[in-house]
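Read the structure below first, then the notes.
The values are calculated or read from the model by the stated rules, or taken from the named source; none is laboratory data. The structure displayed is predicted, hence computed values, not measured ones. Ideal geometry is used to build each Cβ from the backbone, glycine not excepted, and the neighbour counts take in all protein chains shown.
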Amino acid sequence: MAFEMTHMRFAVDLAPRLDIKDFPSYLAGSIYPDSRYVTKIHRNLTHGEGVPQDPFASDLDDFHKGWATHILYDHEGIQKYKDLSPWPERKILGFGEEWIFTTAAKLVEDFMSYDSGTVPNEMIEGLTPPAPLNQEDPVLLASYYEDNKTIYQNRPTLDDYRRIMHGWNIDGVVIDELIANTGDLLNDKVMAEKISRIYPEILARVK
């Protein structure tokens, strides 16, 4: 996954081509798949082959178009993140070192997505959870959306991301390593520049 501001940024950038009528529902769809970290449903239910893959498909409602933008960005981005790591050929498993590195790169990208100003505060404030789609606990689903509204009210800090992920059922030791890695990447100008190229490359490819 990219992180949530990047997913919303991508959805906003694609929206003019998708004839969106219900923008709050569309934006909610763009971050829905990662609610699984909070609701604890299986990844296949939100990212698997049976979920919407193509936001340009004519039979999707606006929520599912947003959902499909998420899957599309994940598909286009995963190898780009891996190629920046010391282990580009390794499969990302669990919360190991490959996951930590690529997720740190995604957090750096998320700062950049916030700084782009593509997703204004009024869009964030309008985020509302959908009715449960995969028998999720509606309280946990609502909590995930509320966390996203809170973290992006202002420019996030590393502590904000740390706090959010403690509610995402991720081990504290892993989170500490992830935040430390993110700080290192933010301070590495060469690596930060490489990360900054990922989003425009994906957007240009899709457009």
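Let's see how each residue does on (1) under 22 Å from Gly29 (Cβ atoms); (2) basic (Lys, Arg):
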residue	(1), (2)
Leu140	yes, no
Tyr145	yes, no
Thr150	yes, no
Arg155	no, yes
Asp160	no, no
Asp171	no, no
Glu177	no, no
Asp188	no, no
Point to revise | the stretch 60-104, subset within 21 Å of Pro200 (Cβ to Cβ), of a type outside the set (Gly, Ala, Ser) and in a loop (DSSP other than H, G, I, E, B), residue modelled with the lowest pLDDT | key: Pro88
**Study point:** Condition met for Leu133 (more than 13 Å from the chain's Cα centre (by Cα), more than 23 Å from Lys40 (Cβ to Cβ) and surrounded by 13 or more Cβ atoms within 10 Å (Cβ to Cβ))
**Key:** no
Exercise for review: Using the structure shown, decide if Leu140 is over 18 Å from Ile202 (Cα atoms) and either in contact with a strand residue (DSSP E or B) (Cβ under 9 Å, 6 or more places away or on another chain) or aliphatic (A, V, I, L, M) (or both).
Suggested key: yes
Exercise for review: Look at Gly96 and say whether it is buried (at least 19 other Cβ atoms within 10 Å of the Cβ) and of a type outside the set (S, T, N, Q).
Suggested key: no
